């Protein structure tokens, strides 16, 4: 009997199950389908957002490192990053400055900052590592990366020459910046930003307008925060001699993308594409019989850099069928099916509220895993 190789490469179901937990549950369901010729391989995956460190570290047998750094409001948090292949590091800004660290009622875009990200970068540089990958998803901040830059040695001053802080409530008075004290090791580093966000720093499609509300900004705050970042960006653009504030991606993570581009010399890569390259996913996929992917929700916007579609495109190079197991999906999935996914399977199998769906997610994923295999074998050529 021919061996059937199934690759399970799924993103996390945000707020309910990690990438690893999703894959393990689907695998359990596959094993319920009583065929002894099915071989599964689980791969954690991410697109630069939540789960990026775990996906890369576990795929390449890397090592986790932990350190205490200031959180979004300065209180200490335990942050994690990964070391891969001994000479590269991967981190998520959300480990130190993420929405996951703040209760909704405590969100404050005037005070939240990225200082902890700079502390993580310095710890990595202290290890002698210069090849750094950073995921920008899930930020609680709108400080333009000023906190990170301060940690790395940059200084901010007001119009009368007094040094000021790096939170947006203080940056509203910034008139001058001094980059002479910037950690020189930053110029030695090659920093790759893993993100599919294309928003620029300012304006109606910028960081404050698009992402500010989810960080606690009211409509009147959005305009103020945007003006703060506009002034901040103009000052730095003038120093570096290029309008990085207009660059796609500069608005990612509340403008952290801007700081990384303008001062740290980072380059942006589409998250899922680079992560697939780092974990050599194509080598695993190319001789598979079936690829099962998925994420919490899929709709036609998922073609813009989301993990399932990136995986499906790779599978289609080798004419491999792809099933996406998802928490929920839109009614119209024309663009999804046009980009390599053959079947979208929602895990919800009866009426239930969100709380129950989250509570039962592993069991629901098991059911879906078994159904996916039954659907695959309907082809009748196995």
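The values are calculated or read from the model by the stated rules, or taken from the named source; none is laboratory data. All of these numbers come straight from a predicted model, not from anything done at the bench. Note: ideal-geometry Cβ built from the backbone for every residue, glycine included; neighbour counts use all protein chains shown.
At-a-glance table
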read-out	value
Filtered residue count, the range 347-376, keeping only those that are closer than 18 Å to residue 33 by Cα and either touching a strand residue (DSSP E or B) at 6+ places or on another chain (Cβ under 9 Å) or surrounded by 15 or more Cβ atoms within 10 Å (Cβ to Cβ) (or both)	14
Test: residue in the range 24-39 that is at positive phi and assigned to a loop (DSSP other than H, G, I, E, B)	no
Selection status of residue 28, modelled with pLDDT under 95 and surrounded by fewer than 23 Cβ atoms within 10 Å (Cβ to Cβ)	no
Residue match in the range 113-120 (condition: in contact with a helix residue (DSSP H, G or I) (Cβ under 9 Å, 6 or more places away or on another chain), without any contact (Cβ under 8 Å) to a residue 40 or more places away in the chain and crowded, with 24+ Cβ neighbours inside 10 Å)	yes
Out of 91, 99, sole residue that is crowded, with 18+ Cβ neighbours inside 10 Å, within 30 Å of residue 348 (Cβ to Cβ), in contact with a helix residue (DSSP H, G or I) (Cβ under 8 Å, 6 or more places away or on another chain) and not assigned by TED's automatic domain parsing to the domain that holds residue 315	99
When residues of the range 125-148 are limited to those that are touching a strand residue (DSSP E or B) at 6+ places or on another chain (Cβ under 8 Å) and surrounded by 24 or more Cβ atoms within 10 Å (Cβ to Cβ), the one nearest to residue 257 (Cα to Cα)	136
Helices (runs of 4 or more DSSP H) fully within the range 47-139 counting 2 or more residues that are more than 23 Å from residue 278 (Cα to Cα)	94-97, 115-126
Helices (runs of 4 or more DSSP H) wholly inside the range 263-382 containing at least 3 residues that are touching a helix residue (DSSP H, G or I) at 6+ places or on another chain (Cβ under 8 Å) and over 30 Å from residue 61 (Cα atoms)	334-338
Residue match in the range 62-79 (condition: surrounded by 20 or more Cβ atoms within 10 Å (Cβ to Cβ), within 30 Å of residue 131 (Cβ to Cβ) and within 16 Å of the chain's Cα centre (by Cα))	yes
Matching entry among 236, 298, 275 (being at pLDDT 95 or above and touching a strand residue (DSSP E or B) at 6+ places or on another chain (Cβ under 9 Å))	236
